[in-house]
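The values are calculated or read from the model by the stated rules, or taken from the named source; none is laboratory data. Predicted model, so just to flag it, every value in this text is computed and none were measured. Note: ideal-geometry Cβ built from the backbone for every residue, glycine included; neighbour counts use all protein chains shown. Just the protein is used for accessible areas: all its heavy atoms, side chains included, with ligands, DNA and RNA removed. Shrake-Rupley method; radii C 1.70, N 1.55, O 1.52, S 1.80 Å.
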Amino acid sequence: MINLILFGPPGSGKGTQAAKLVDKYQLLHISTGDLFRYEIGNSTPLGLEAKSYMDRGMLVPDSVTIGMLRNKVEANPDVAGYIFDGFPRTIPQSEALNALMGEKGQRISKLIMLQVSDEELVERLKERGKTSGRPDDANEEVIRKRIDVYKAETSPVFDFYAEYGRSIKINGVGGIEEIFDRLCAEIDSL
Ligand code: AMP
């Protein structure tokens, strides 16, 4: 099995690249952001709770996020592997993911970070906000807050997997195909 963490700040292209990787490698794409937006769309209690954090650019509490992720993984046991997108975003989430993979006799194969400068992220997210319908893309203050939260709370996850020698960075700037080729080169060398 190939179990990837597609990592990087908001707007670094994780979702775009995950969709392409799924086609090529037949992996299950799990985006916690998408799962939360699905819950919000259905006005579930989980969705309503998540929305109050998401609209402010803050992280949804670990207990909520980890429980939702676990349900999704357990509901899809027979897959060729997983692409985790937007998860883990904290150290407790990383520990929970390792435990979950361990229960399946699996582990994370690689964490791949897409590197993009802050100013480019802000420009991309403002542009995406024109069509995404996402409240958290619509306001520059919230966009910058999400980047700050990434630096403070999420970037340590890179180091967490680096300790196992499994974190790498690739250049996340360029054409979609160009970046996809960089990712595939890493995955094919696993
Ligand atoms: P994303 O679609 O990955 O950009 O996530 C959008 C928002 O959903 C984030 O800004 C957080 O509020 C929330 N979210 C998504 N994934 C997580 C996670 N793993 N932990 C906590 N909050 C999350």
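Ignoring aspartates and glutamates fewer than eight residues from Lys169 along the same chain, the ones with Cα atoms less than 12 angstrom from its Cα are Asp159, Glu186.
Per-residue ellipticity at 222 nm, computed for the chain from helices alone with -39500 (n - 2.57) per DSSP H run of at least four residues, works out to -17000 deg cm²/dmol.
Structure note, pairs Lys110/Lys130; Lys51/Lys151; Lys104/Lys130: Cα-Cα distances above 31 angstrom occur for Lys110/Lys130; Lys104/Lys130.
When the chain is treated as a Gaussian network with alpha carbon springs shorter than 10 Å, the biggest mean-square fluctuation among Leu46, Leu21, Leu114 belongs to Leu46.
Taken as Cα centroids, the stretch 32-96 and the stretch 109-131 sit 20 Å apart, rounded to the nearest whole angstrom. A simple count of charges around Pro135, restricted to other residues whose Cβ falls under 11 Å of its Cβ and scoring Lys, Arg +1 and Asp, Glu -1, yields +1. Across the accessible surface of the chain, with the other protein chains kept in place and a 1.4 Å probe, carbon and sulfur atoms take up 51 percent. All C-alpha pair distances within the chain, sorted into 10 Å bins from zero, spread as 9, 38, 39, 14, 0 percent across the bins.
Tell me, what does the Kirkwood hydrodynamic radius of the stretch 92-190 come to in angstroms if you use every pair of distinct C-alpha atoms?
Values: mean 1/r = 0.0643 Å⁻¹.
Result for the stretch 92-190, one decimal place: 15.6 Å.
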